[in-house]
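The values are calculated or read from the model by the stated rules, or taken from the named source; none is laboratory data. This is a predicted model, so every value here is computed, not measured. As a convention, Cβ positions derive from the backbone with ideal geometry for all residues, glycine included, and neighbour counts pool all protein chains shown. Note: accessible area is taken over every heavy atom of the protein model, side chains too, but ligands, DNA and RNA are not part of it. Shrake-Rupley method; radii C 1.70, N 1.55, O 1.52, S 1.80 Å.
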Amino acid sequence: MLNYMQNTPYYFYDLDLLNRTINEVELNIRNSAFRVHYAIKANNNKKVVSFIAKRNFGADCVSAGEIMLALECGFNSADIVFAGVGKTDEEIEYALLNNIGMLHCEGLEEIQVINEIAGRLNRRPRVALRLNPDVDARTHEKISTGKYENKFGFSPEEFAELTQQGSSLQHIEIVGLHFHVGSQITDTVVFKELSERINELVPVYEKYFGTLHYLNVGGGLGIDYQNPDVNPIPDFRNYFETFRQNLNVNVPVHFELGRSIVAQCGSLRTKVVYIKRSGAKTFAVVDAGMTELLRPAMYNAYHKIEKYNNALALSNGGVYDVVGPLCESSDFFGKNVPLPELKRGDILTIRSCGAYAESMSLNYNGRTKIGSVTSEHVLTQFRIIKVA
Ligand code: LLP
């Protein structure tokens, strides 16, 4: 086998932890009318997606590309939901031709386009209306989606207009409601507030569209970035229990969980290229960058950083700014990070990178996609350096 340690940077996925996390989700929804769809946007690595597709989950997709991937990895089309605020005509067509289980529709113009395309293709898709519930997710502003100032879901004005023209949409079947108020939500009060808001909105929906047949409350459950070893699996019991206790509906409830399923099973392994000093600062310049993990640059997000195989040895250590090689000062992974003494060639592990790392990777500065290794030590692909 190739010595993959030499081939940094790469993502490492612990499939055993992923398995235990999925078991925990399943344990907390068994014998209930709860159904979980894995939000593919969190991690689109084929090995990870295929692993999840073997379990009892559906998939939540936001583009034709994600639908294609979900089908390729083994999800049934009937178990796929398709969301997104800007679905193109081609994507809607693709979803309809592949008999995707549910379209989540976010606005008035969009629903008319779906109706028109469905008529042309002689289909009658099931559609759920994503309503903006004006609930504050109390998370980072860039990942809050449920307030009126956000672009997502039907606004009250557009929803009111739809209630007046619902019956003219003959080629679609409006069956229910969809919500998603944000991501990395750590305060369960948010889910309680969302449930209460849903209880208010369901009768309004039913007045115009008849009995509610489908309800999807989105995703958003947060993880513990500070203590990935203490809390490798999120508190799914409390999460599902909050909805169980506060939702007052009589239909199956669908969830779209991304981060909480995959974040803790992934790490980014990277090698120190240089140690550099400037005044009081010491930089550890590593071979991964914001192109492989954008979250610190984009959200100022914290990720725990450890020296590989040396997590606890802090003696004779230093304090480092761990930075990437890209031409941006926002290209960093951590500032003032206490670490054992580092030297050129040392390997670092950046934790909690299973969600929104590989799936948000970029080609900026001419960088190519990096490889991944799973706990089964399967090498999938590595960065290919083009030599002229
Ligand atoms: N459903 C909808 C409609 C969504 O927009 C999202 C995430 C999810 C489900 C899954 O949410 P989760 O369970 O993963 O929180 N790039 C950001 C996160 C963006 C989340 C986008 N939507 C980050 O790195 O924190």
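Tell me, what is the FRET efficiency for Q245 and T88 to the nearest 0.05, using R0 = 35 angstrom and their Cβ-Cβ distance as r?
After rounding to 0.05, the efficiency reads 0.30.
Run the numbers for R138 and M298: contour at 0.36 nm per residue of separation, minus the present Cα-Cα distance, in nm.
55.8 nm
Which length gain, in nm to one decimal place, applies between V230 and K343 when the Cα-Cα distance is subtracted from 0.36 nm times their residue separation?
37.8 nm
If packing is taken as the average number of other Cβ atoms within 10 Å across a peptide's residues, how do 56-67, 362-373, 120-131 rank, most packed first?
Ranked from most to least packed, the peptides come out as 56-67, 120-131, 362-373.
How many angstrom lie between the Cα centre of region 318-340 and the Cα centre of region 158-176?
52
Which of V272, G318, M290 sits farthest toward the positive end of the charge dipole of region 251-321, with +1 on the Cβ of Lys and Arg and -1 on the Cβ of Asp and Glu?
G318
Over region 6-129, what percent of the accessible surface lies on carbon and sulfur atoms, probe 1.4 Å?
Details: 2170 of 4950 Å².
Heavy-atom surface of region 6-129 belonging to carbon and sulfur, 1.4 Å probe: 44 percent.
Given R₀ = 51 Å, what would the calculated FRET efficiency be for T368 paired with K147, taking r from the Cβ atoms and rounding to 0.05?
So the FRET efficiency works out to roughly 0.85.
Loop-only check: which GluC sites (Glu not before Pro) in region 122-167 are DSSP coil with at most 13 other Cβ within 10 angstrom?
For GluC sites (Glu not before Pro) across region 122-167 that sit outside H, G, I, E and B with at most 13 neighbouring Cβ atoms in 10 Å, the list reads E149.
Quick check on packing: order 187-197, 326-336 by the mean number of other C-beta atoms within 10 Å, highest mean leading. All intermediate terms of the calculation are to be shown ahead of the outcome.
Values: 187-197: 18.2, 326-336: 15.9.
Ranking, from highest mean packing down: 187-197, 326-336.
Take the Cα pairs of region 1-147, get the Kirkwood Rh, then feed it into Stokes-Einstein at 20 °C and 1.002 mPa s and tell me D in µm²/s.
This corresponds to a translational diffusion coefficient of 124 µm²/s.
I need the helices of the chain that pass two filters: whole DSSP H segments spanning 18 Å or more by Cα along the axis, and mean Kyte-Doolittle score no lower than -1.0. Could you put the intermediate results ahead of the total?
On the way: long enough: 15-29 (21 Å, 0.15); 108-121 (20 Å, 0.34); 189-209 (30 Å, -0.01).
What comes out of the filter, once short or polar helices are dropped, is 15-29, 108-121, 189-209.
If you count, for each residue, the other Cβ atoms within 10 Å and average over each peptide, how do 285-296, 75-86, 229-240 line up from highest to lowest?
Numbers: 285-296: 23.5, 75-86: 19.5, 229-240: 16.0.
The most tightly packed comes first, giving 285-296, 75-86, 229-240.
Looking at the chain from every direction and averaging, what is the projected area of its Cα convex hull in nm²? Mind dumping the intermediate values first?
Numbers: hull surface 84.2 nm².
Quarter of the Cα hull surface area: 21.1 nm².
Accessible area per residue for the chain in Å², computed with a 1.4 Å probe and the full protein assembly in place, what is it?
Numbers: 17380 Å² over 388 residues.
Each residue of the chain exposes 45 Å² on average to a 1.4 Å probe.
Length gain on complete extension for the stretch N199 to E157, per 0.36 nm per residue less the alpha carbon to alpha carbon distance?
Working: separation 42, 0.36 × 42 = 15.12 nm, distance 1.95 nm.
Separation in residues times 0.36 nm, less the Cα-Cα distance, equals 13.2 nm.
Based on DSSP H runs of at least 4 residues, each adding -39500 (n - 2.57), what is the mean residue ellipticity at 222 nm of the chain after dividing by all its residues, to the nearest 500 deg cm²/dmol?
-8000 deg cm²/dmol
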